[in-house]
């Protein structure tokens, strides 16, 4: 495998391949038939090199040396069952959609390596949590190559990451998105009150690899997922019913913190937990953006927040986007609260 290093802190310049449309420079596009959620045969455009590929998920690699954090991720093609019987040949980071959560500290220097396992399509990484010249820091990594990039996480918050290769909409909507959390140096004012923490992501899906549908039409699925902050936590893909079939768990009286992000790519989220009040909210996860006593938090595409609430009675607490057409498409999860 060819390895390329992009050392942003030392000022190396590299060219960027801008694709007019995915498929124009990546080999023949095959028209294949897949089965949708209604068990109906539909046509889908799959790049010929992708047709027989289903790459197994790869664990996130992270190592720390002081304030230097070394992160290695993959871009790959992995089949994901979005709904019962509905398989989607997702473009992913590490075989997950959304990809694994990345957690660093404010002030850390991130040494990021992308291993592009996709045999046909260039991919890249756009971290919303960093300052960098996009043509260098978010440069494309060609198929079967690796690229390494260096930047500092200087601002705390809950940020989206995604593939930044043109057309960006195709890459995000096909599954290349996730969350990076930058923990504030001095923490949040409510840290001592929090009993449980979860990462919750909203995303939507469209017709497979169909840029026209992604651009002009409503999503076919809108979904929530949870990403594990530590071993043993719930970790799901963005599939219909993921957090109904595998609910979160808490105890009566727990103060729960959600690191929340709407990765879109197109729709707004109106996040709401039924049966409680969002007592403390930090917009985009920044400690200075502290709001109190909210019923609903509006998240634009890519928007993040830290939301905290108390569950005071045993029962089932659902969380939704309060755009209920999206709830009907799958945007609902639940917390089982016991004594």
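Every read-out reported here was derived from the displayed coordinates using simple, explicitly stated rules and does not represent laboratory data. Given the structure is predicted, the values throughout are model-derived calculations rather than measurements. Cβ coordinates were reconstructed from backbone atoms using ideal geometry, including for glycine residues, and neighbour counts include every protein chain displayed.
Consider a paramagnetic label point 7 Å from the Cα of residue 246 along Cα→Cβ; state which residues of the range 72-97 have an amide N under 13 Å from it.
Residues 81, 96-97 qualify, since their backbone N sits under 13 Å from the label point.
Enter the per residue convex hull volume of the range 191-338, computed from alpha-carbon coordinates, in Å³ rounded to the nearest integer.
Dividing the Cα hull volume of the range 191-338 by its residue count gives 108 Å³.
Most exposed first by the Cβ proxy, i.e. fewest other Cβ within 10 Å, how do 142, 125 rank?
With the sparsest Cβ surroundings first, the list reads 142, 125.
For residue 323 paired with residue 131, estimate the spin-label separation in nm (one decimal), with each label point 7 Å from Cα along the Cα-to-Cβ line.
Here the modelled spin labels are 3.3 nm apart.
Relative to the present Cα-Cα distance, how much length would full extension add between residue 216 and residue 268 at 0.36 nm per residue of separation?
Length gained, residue 216 through residue 268: 17.2 nm.
Quick check on the range 131-192: take the gyration tensor over C-alpha atoms, sort the square-rooted eigenvalues as a ≥ b ≥ c, and tell me if it's rounded (a/c under 1.5), prolate or oblate.
Prolate shape, in that a/c is at least 1.5 and a/b is the bigger ratio.
Let me know the shape class of the range 62-210, please: from the alpha-carbon gyration tensor, a ≥ b ≥ c as square roots of the eigenvalues, rounded when a/c is under 1.5, otherwise prolate if a/b is greater than b/c, or oblate.
Judged from the Cα gyration tensor, the range 62-210 comes out oblate (a/c at least 1.5, b/c at or above a/b).
Take the Cα of residue 292, step 7 Å along the line toward its Cβ, and report every residue of the range 188-203 whose backbone nitrogen sits under 16 Å from that point.
From the range 188-203, the list is 189-191, 193.
Could you tell me the extents of the chain's C-alpha atoms along the three principal axes, largest first, rounded to whole Å?
Projected onto its principal axes, the Cα set of the chain covers 57, 53, 33 Å.
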